[in-house]
1. Going 7 Å from the Cα of residue 351 in the Cα-to-Cβ direction, what parts of the stretch 383-410 have a backbone nitrogen less than 15 Å from that spot?
2. So if we plug the beta-carbon distance of residue 571 and residue 207 into 1/(1 + (r/R0)^6) with R0 = 30 Å, what FRET efficiency do we get, rounded to 0.05?
3. On alpha-carbon atoms, Rg over Rh for the stretch 36-98 using Kirkwood Rh?
4. At a Förster distance of 22 Å, what's the computed FRET efficiency of residue 336 paired with residue 232, Cβ-Cβ distance as r, to 0.05?
5. Go through 41, 153, 181 and say which Cα lies farthest out towards the positive end of the charge dipole of the chain; charges sit on Cβ, +1 for Lys and Arg, -1 for Asp and Glu.
6. For the chain, how many pairs of lysine residues have a Cα-Cα distance under 25 Å, where the two are 8 or more positions apart or belong to different chains?
7. Taking just the alpha carbons, could you work out the radius of gyration and Dmax for the stretch 441-486, both in angstroms?
8. Based on the Cα coordinates of the stretch 158-247, what is the per residue volume of their convex hull in Å³?
Amino acid sequence: MTPHFNTPPAQPHPASTTSRRLRAAVFSTDHRVIGIQYLVLALISVIIGTILSLLMRIHLVWPDWPLPLHGQILPEDYLALVTIHGTVMLFFVLTTAPQAGFGNLILPAQIGARSMAFPALNAASFWLTAAALLTLLSSTFVPGGAAISGWTAYPPLSAIASSGPGQALGMDLWLASIALFATASTISSINTLTTIIRNRCNGMTWDRLPLTVWGWFTAALLSIIAFSVLLAAILLLLCDRHAGTSFFLPNGDLVNGILHQGGNGSPLLWLHLFWFFGHPEVYIAILPGMGLTSMLLANFSHRRVFAYRTMITTTLLIGLLGILLWGHHMFVAGLNPFASSAFSISTMAIALPAAAKVLSWLATTWRSRPSYKTPMLFSLGFVSLFITGGLTGPILAQPILDEYLHNTFFVVAHFHLIMAMAGVFGLYAATYYWFPLITATRNHPGRLLSEPLGHLHFWCTLLGAYAVFLPMHLTGLAGEPRHYAQLTGISGPGGSLSPAGVLLSSTLPLNRFITYAAIFLATAQLVFLFNLVSSLRKGKFAQTNPWQATTLEWHPSMNPFPPLHASDTPDISVHRAPCQYQSNKIEISFLPQWEPILLAQDEIVDATDTKPE
C-alpha cells in the first residue's frame, strides 16, 4: 500500500505576488487609486508645462541662447513650445487635477458613497487620458515637428497639412490627443453626475451637499456639453485635412502657394465651435476651486458659509452663463455688431454671481479668528488672484477695448491670473488639506505636510505669481503680441528698426524682469516637491479629523483604506448642512454632518434622516 503524505499547499512565488499586486494597483477600479493616478499624471504634466514655459521666457529675452541637444530655438520651435505648454497645462493639469483627480479621491466620501457609479468606466477614462498625454508628447518627435497652431488650432492653416512646419503629422497627433481627452472627460463627467445623483447616503439632500460637490457637479455638466462640441469640431477638422471636405476652408483660399477649390466653408465655424467649448473650459477648471475655497474659509474661520444657498445658486448661474458668452473671444473676427453687444452684456453679467461669491467669502471671514494653516493661506491666495484677474474681465468684455488688447499679453495676464494661478492655488489648498486622506493606509493614519515649508511655499508662490503676471498687463497695453518669438532685431527699410521693432524693443526691460520672476516662481515649487516627498515618508501623523472639518470625508469609517469591506461598515446618515460651527473666546465647537446630536444653540431644526431626493 502506497503511503499517503499530506502535501502543504504551494505558496505563491514572491515575484508573482508582487506582479499581481502591481497589476491590481495600476489597473484598479477603486476610485481612490484612480484619483491618485490622475493626480500623479497632473503632477508630471505640470512639471513638463513649467519647463516649457521657462524655455519660452528665456528665449524671449535671450533669443540667441541655444537649447541643449537641440540648438537655437527657431520661430516655429517657439510656437511649438507655446502650443504644447498651453495644451498640457489647460487640459492635463487645470482640468484633470481638480475634476478627475480630487473628484475621484474625495467626492464619493463627501456624499457618503463607497465608490463611483461606474468603476470600470472610471478606470477607462483615466487610461484614455494617459493615452492622450502620451499622444500629445509624441508629436514633438515626429517629422515636421509638433503642432504650432496654439491650443486654439485656428483654420485655415490647421486644416491644410502643407501649410507650414508642424501642420502635418504633428497636427494630426495634436488633434488625436484632444479627441481622446474629450472622450475621457465626457465619460468621467457622466460618471461624476451619476454618482452625485444616485449614490448619496441617507439624509444627504441637495441643500446639504458641500459646495465642493456643487462645484464638481456644475463642472461635470459643462464638461459633457463643451467636450462633446469640441470632439465634433475636431472630427470635422480631421475630415477637412484628410477627407477632402471644406467645413472650415473657404473656396479660393490661397495657403502656402496652394489654391483651395471646392466647398465654401468658413473658419468662423471653427471659432464658434471651439470657443463654445473654450470659455466653459475656464469654469470647468475654476468651479471646483471656488467650492473648495468656500468650504475652507468657513472651516478655518470656524464660521458657517455666509448665504449658503445663494452660493449654490451662484455656482449654477456661473455654469449657465459660462456657455452663453463664447463670442467675446471673437470681437475682432467680424461678428455682427448686435451679436458683439449681446456677448458683451452676457460677459459682464457673469460678474454678478462671481461678485456674490467674493462677498460671501469676505462675509464668512469678517471679524473671525481664523487659523492660518497652509490650506487657509492658499484659499485666501485663491480669493486674491481671482479678484485681481477678474478686474480685467470687464475691460476685455468691451468690443472697442478688445480690438486693441486682443491677442496681446494683456489677455495672457488676465487668464493666467484668474484661471491658471487661481486654479493652481486651489489645487495646492486641496493637496495640503486632503493630504492625510491621500496618504492614509491600513497600517497607519494619514500624514500632514510640513506647515513651515507650506508657509514658505505659499508666500514665495504668491509673490512670484504677481511678479510674473501683473507686469504682463503693461507689456500688453504697450502692444506686445502674445505669439511673437522675438522682441529685438525686426528691421525696417534701410536696416533701421521698424515701428514694430521699436515697440517690441521698448518692452524688453520689463520682459527681462518677468523672466527672472518666472524662474523664481518655478524654483519656489521645489519647496513643495521637497515637502511632498519628505512628508510621504516622514511626515507627522494626522489625527482622525485634524482640521475640525464637518464634511463626510473625515468620518472615521470613510477612511480612504478601511480595514472592512463596504458592506461590513455601518451605514452613514447626514443630519445637517456642513460648516456648523460655534465659537466664543474660550473654545470652538463644531458639529459634523454625521453627528445626530445638535449643539445647544444650533439653529437647525430639520435634523431628520431622509433619503436623497
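The values are calculated or read from the model by the stated rules, or taken from the named source; none is laboratory data. All values reported here derive from a predicted model rather than from experimental measurement. Cβ sites come from the backbone with ideal geometry, for glycine too, and all protein chains shown count toward neighbours. To get the accessible areas, we keep the full protein, side chains included, count just its heavy atoms, and leave off ligands, DNA and RNA. Shrake-Rupley method; radii C 1.70, N 1.55, O 1.52, S 1.80 Å.
1. Flagged as within label range: 387-402.
2. So the FRET efficiency works out to roughly 0.90.
3. Working: Rg = 13.1 Å, Rh = 12.3 Å.
Ratio of gyration radius to Kirkwood radius: 1.07.
4. For R0 = 22 Å, the calculated efficiency reads 0.40.
5. Value computed over the given set: 41.
6. Numbers: 357/373; 373/538; 373/540; 373/585.
Total qualifying Lys-Lys pairs in the chain comes to 4.
7. Taking only Cα atoms of the stretch 441-486, I get Rg and Dmax of 19.5, 59 Å.
8. Working: hull volume 8.8 nm³, N = 90.
In the stretch 158-247, the Cα convex hull volume per residue is 98 Å³.
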